[in-house]
């Protein structure tokens, strides 16, 4: 079984978070207290690997405003934590469980009552017929009498016979789909969980215990082992019968009750108990890891995480169960080289058969090391978490792939797409290459430090489609364009093309004095650059008169490039290179033209106004 979607209600900051996508490799990102660790703990609860205390129940389950936002069946009665998972099954699991390619399972914790595992299944409309094997013989006989069923001739009067005839009867009654107690085969088929926390780098014992316990439980799924465990459970249940009867009678006598029943369920779940580790460096005696330095513990933990991949690789593709490996801040206390090892380890683990890797992290190295499609970004409003992920609500795989490839082609890192709020599109490679240089000179700090993500739109319709996508996902998008964009219909990047993607003149900031970026630089600045970089072949110096004449008519940048090509064998092949060379020769903030500084200031105002804007829930 492979988890592909998670929904959580009433668990810590996860007041009501639906449809968290889980891929083979999933990176959970977001600021502190936005629900990353809570999501991993919710998965552990779903898989039966951790219990929930009443203190874990979300504060949003208290008080009418928050209660009104919960599903109708949760709005009244005791507070309930619900964690639901949608799983896809292997062919073997489909045959074993007798269901289709996927199923839904949920675990619920009811305040002051405890927890139970349920699955969404076809069951008889009559609730009495839904869990027949759990009934005792007197209850089975009473139910048979109620529904008009009797044993067939020759059937022994034992529990198995009553269960058989009642289940045959139930199969022929009206069926509905509902949440019911999950049968043992479903419980046994749930994935194993290996949960590694960042602070486990200080405790290799915890890592070893987690790995070995997971392997122990994997062994219990083997046919010969399952039968032995079943025999043991039945044997110990039988041994408890006399003790149960004595308890029932004592309580009935002391509390004046007619009936008090105790029905224990015996279940063996093997786990590694005590554990001690020791290590010895070359030429030294072995020392317990509890007495070793933190550096050695971290290195050993990382090696153990990597070693777990070999254990996982033993699983076959079409098997029962599977494994989920969860890492909570695995990069804690690790340098960049070790973080890269973790990135590789995550990729290898996720590629194993029947395995899923989920990582909660702040590390930009890890975030930028995966495909944007594999990132789930969590955010919170007033302490309440929600999914804020690019394309999270888009089920079209081709669309997600297109957006991912477009982001890569535009040079966007995942961390920029997730955390920046202001995207400034420029017309082409000239602006994209030159503007960061000019901004740094004018203000003394990089343009990205202001929260601006600069990108080259050029004549790329795909880039404009991506801009539309960013805007739809509540990102602030503006365009820094030449002043003649509004007038020149021949430009590759013009207002008509912006209009087709839902943008208007109000979404544009303008460069140029009066027409384009090249205009803003003085004749002296152009002459200095031309004489230094593109000298004339006739050995004559370029003069300001050469430049001034070009401004009198036509497109200045085109005329300037043509003049250079005519008079200098070292002239640039493309006119886009001209402004970049000029920008590199400027030395003082005052060298940056005032018109350009004004455009930068306008862009900074937009970025500051955008801020860390919240998205409406459900977007």
* Does the stretch 186-200 include one or more residues that are without any contact (Cβ under 8 Å) to a residue 60 or more places away in the chain and assigned to a helix (DSSP H, G or I)? -> no
* Would you confirm whether any residue within the stretch 240-248 is assigned to a loop (DSSP other than H, G, I, E, B) and in contact with a helix residue (DSSP H, G or I) (Cβ under 8 Å, 6 or more places away or on another chain)? => no
* From the list 301, 319, 308, pick out the single residue that is at pLDDT below 70, closer than 30 Å to residue 24 by Cβ, part of a loop (DSSP other than H, G, I, E, B) and in contact with a helix residue (DSSP H, G or I) (Cβ under 8 Å, 6 or more places away or on another chain). => 319
* **Hits in the stretch 91-114 - residues which are farther than 30 Å from residue 79 by Cα and not in a helix (DSSP H, G or I)** => 98, 99, 100, 101
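Look through 441, 435 and report the one residue that is assigned to a helix (DSSP H, G or I), touching a strand residue (DSSP E or B) at 6+ places or on another chain (Cβ under 7 Å) and either at negative phi or buried (at least 19 other Cβ atoms within 10 Å of the Cβ) (or both). Can you show your working first?
Numbers: 441 fails: touching a strand residue (DSSP E or B) at 6+ places or on another chain (Cβ under 7 Å).
Being assigned to a helix (DSSP H, G or I), touching a strand residue (DSSP E or B) at 6+ places or on another chain (Cβ under 7 Å) and either at negative phi or buried (at least 19 other Cβ atoms within 10 Å of the Cβ) (or both) holds for just one of 441, 435, which is 435.
Considering every residue within the stretch 451-470, establish whether at least one is exposed (fewer than 14 other Cβ atoms within 10 Å of the Cβ), over 27 Å from residue 574 (Cβ atoms) and at pLDDT below 85.
No; the residues of the stretch 451-470 include none that is exposed (fewer than 14 other Cβ atoms within 10 Å of the Cβ), over 27 Å from residue 574 (Cβ atoms) and at pLDDT below 85.
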* To do: Consider residue 278 carefully, then state whether it is surrounded by 11 or more Cβ atoms within 10 Å (Cβ to Cβ), more than 30 Å from residue 93 (Cα to Cα) and in contact with a strand residue (DSSP E or B) (Cβ under 6 Å, 6 or more places away or on another chain).
  => yes
* Given (1) assigned by TED's automatic domain parsing to the domain that holds residue 94; (2) surrounded by 12 or more Cβ atoms within 10 Å (Cβ to Cβ); (3) outside any helix (DSSP H, G or I), where does residue 165 come up short, assuming only one miss? -> (3)
* Is there a residue being crowded, with 16+ Cβ neighbours inside 10 Å, within 12 Å of the chain's Cα centre (by Cα), modelled with pLDDT of 90 or more and under 20 Å from residue 105 (Cα atoms) anywhere in the stretch 44-61? -> no
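Just wondering, is there one or more residues in the stretch 95-111 that are surrounded by fewer than 13 Cβ atoms within 10 Å (Cβ to Cβ) and more than 26 Å from residue 354 (Cβ to Cβ)? If you could, list the steps in order and put the result at the bottom.
If we filter the stretch 95-111 for residues that are surrounded by fewer than 13 Cβ atoms within 10 Å (Cβ to Cβ), which is where we start, we get 95, 98, 100-101.
Now restrict to residues that are more than 26 Å from residue 354 (Cβ to Cβ): none.
No - not one qualifying residue is present in the stretch 95-111.
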* Kindly provide the set of residues from the stretch 601-619 that are at pLDDT below 50 and either surrounded by 14 or more Cβ atoms within 10 Å (Cβ to Cβ) or in contact with a strand residue (DSSP E or B) (Cβ under 6 Å, 6 or more places away or on another chain) (or both), ordered by number. => 614, 615, 617
* Structure fact -> Of the listed residues (85, 77, 35, 30), the one being touching a helix residue (DSSP H, G or I) at 6+ places or on another chain (Cβ under 7 Å), modelled with pLDDT under 90 and assigned by TED's automatic domain parsing to the domain that holds residue 105 is 30
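Mind checking whether some residue in the stretch 205-213 is touching a strand residue (DSSP E or B) at 6+ places or on another chain (Cβ under 8 Å) and within 25 Å of residue 86 (Cα to Cα)? Explain how you work it out, then say what you get.
Step one: filter the stretch 205-213 for residues touching a strand residue (DSSP E or B) at 6+ places or on another chain (Cβ under 8 Å), giving 206-207, 210-211.
In the following step, the residues that additionally are within 25 Å of residue 86 (Cα to Cα) were identified as 210-211.
Scanning the stretch 205-213, I find at least one residue that is touching a strand residue (DSSP E or B) at 6+ places or on another chain (Cβ under 8 Å) and within 25 Å of residue 86 (Cα to Cα), so the answer is yes.
Of the residues in the stretch 3-21, how many are under 21 Å from residue 355 (Cβ atoms) and buried (at least 22 other Cβ atoms within 10 Å of the Cβ)? I'd like the intermediate steps shown before the answer.
Our first condition is that a residue be under 21 Å from residue 355 (Cβ atoms); within the stretch 3-21, this holds for 3-6, 20-21.
Pick out the ones that are also buried (at least 22 other Cβ atoms within 10 Å of the Cβ) and you get 3, 6, 20.
Of the residues in that region, 3 qualify.
The values are calculated or read from the model by the stated rules, or taken from the named source; none is laboratory data. Note that this is a predicted model, so its numbers are computed, not measured. So basically every Cβ, Gly included, is an ideal-geometry build from the backbone, and we count neighbours across all protein chains shown.
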